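Structure first, then comments.
No value in this document is a laboratory result; all are computed from the given coordinates. What you see is a predicted model, and the numbers here were worked out from it, not measured in a lab. Positions of Cβ are generated from backbone atoms using ideal geometry, with glycine treated the same way; all protein chains shown enter the neighbour counts.
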Amino acid sequence: MGAPNDYIEVETVIAADIAKVWSFVSDINVPAQFSREFQGAEWIDAPGLGGTFRGDNAVGDYKWSTTSVVTDYAENKSFAWTVGSVEEPVAVWGFTLSGHDGDVLLKMHASMGPAMSPPRASAAKDPENAETIISKRLHQWSKNMTATVEGIKSLSEQS
């Protein structure tokens, strides 16, 4: 079924001030403008390191909500969160920014596991197709993540 934590990363270079890019990266609802799955989020408590938020998602008619904890929040550098337990997350998502104003490298990353998620449960029930099940889910993530970083690039490069 692959490694215990299946990982994917996408990136883009943005011609904008790093603070402007950060303003979009650190807004938990910006990805909902571009992702076909993520529908939006709401802070449960204060934004920032240790903060929690509820995220709403949908794939077709299947809808679900998750609770996430911010595990990395360094202004103009990184923003990451775990879905579910910090000790054993269902998934970990995040952004990193590097470079200089006018030449910002934005990366978005995600890893699945180690806790059981619906794709991992499906893979465990069907070991012969486990790799295909996980690969298909990571491909869906990749498409939405690419749309998100390209959307943030577009917003950031607007005057």
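Tell me, how many Å apart are the Cα centres for region 1-80 and for region 93-159?
About 10 Å separates the Cα centre of region 1-80 from the one of region 93-159.
How much length would be gained if the chain were fully extended between SER85 and ASP101, taking 0.36 nm per residue of separation minus their Cα-Cα distance, in nm to one decimal?
2.2 nm
Among all helices in the chain defined by DSSP H, which have a length of 27 Å or more along the axis from Cα atoms plus a Kyte-Doolittle mean of at least -1.0?
130-157
HIS139 to GLU42: extension gain in nm, 0.36 nm per residue of separation minus the Cα-Cα distance?
The span from HIS139 to GLU42 would gain 32.3 nm if fully extended.
Amide H neighbours of ASP101 under 5 Å, counting only residues 5+ apart in sequence or on other chains, H built in-plane at 1.01 Å?
Long-range HN contacts for ASP101: ILE18.
Go ahead and estimate [θ] at 222 nm for the chain from helices alone: -39,500 (n - 2.57) per DSSP H run with n ≥ 4, summed, over the residue count, rounded to 500.
Taking each H run of at least 4 residues, the total per residue is -9000 deg cm²/dmol.
Setting aside same-chain residues fewer than 8 positions from LYS20, which lysines have a Cα under 25 Å from its Cα?
Answer for LYS20, where 25 Å is the Cα cut-off: LYS77, LYS107, LYS143, LYS153, listed by chain and number.
Just the number: Rg to Rh for region 6-157, Cα atoms, Kirkwood Rh, two decimals.
My calculation puts Rg/Rh at 0.97.
For LYS63, give me every one of the aspartates and glutamates with a C-alpha distance below 15 angstrom, ignoring sequence neighbours fewer than eight places off in its own chain.
Hits, sequence-local ones excluded: GLU37.
Only Lys, Arg, Asp and Glu count, each charged at its Cβ (+1, +1, -1, -1), so figure out the dipole size of region 1-104 about its Cα centre, rounded to 20 debye.
With only Lys, Arg, Asp and Glu charged at Cβ, the dipole is about 180 debye.
Multiply the residue separation of THR132 and ASP17 by 0.36 nm, subtract the distance between their alpha-carbon atoms, and state the gained length in nm to one decimal.
37.4 nm
Shape of region 35-85 from its Cα gyration tensor (a ≥ b ≥ c, root eigenvalues): rounded if a/c is under 1.5, otherwise prolate when a/b > b/c, or oblate?
prolate
So if R0 is 22 Å, what FRET efficiency would ILE8 and ALA121 give, r being the distance between their Cβ atoms, rounded to the nearest 0.05?
0.70
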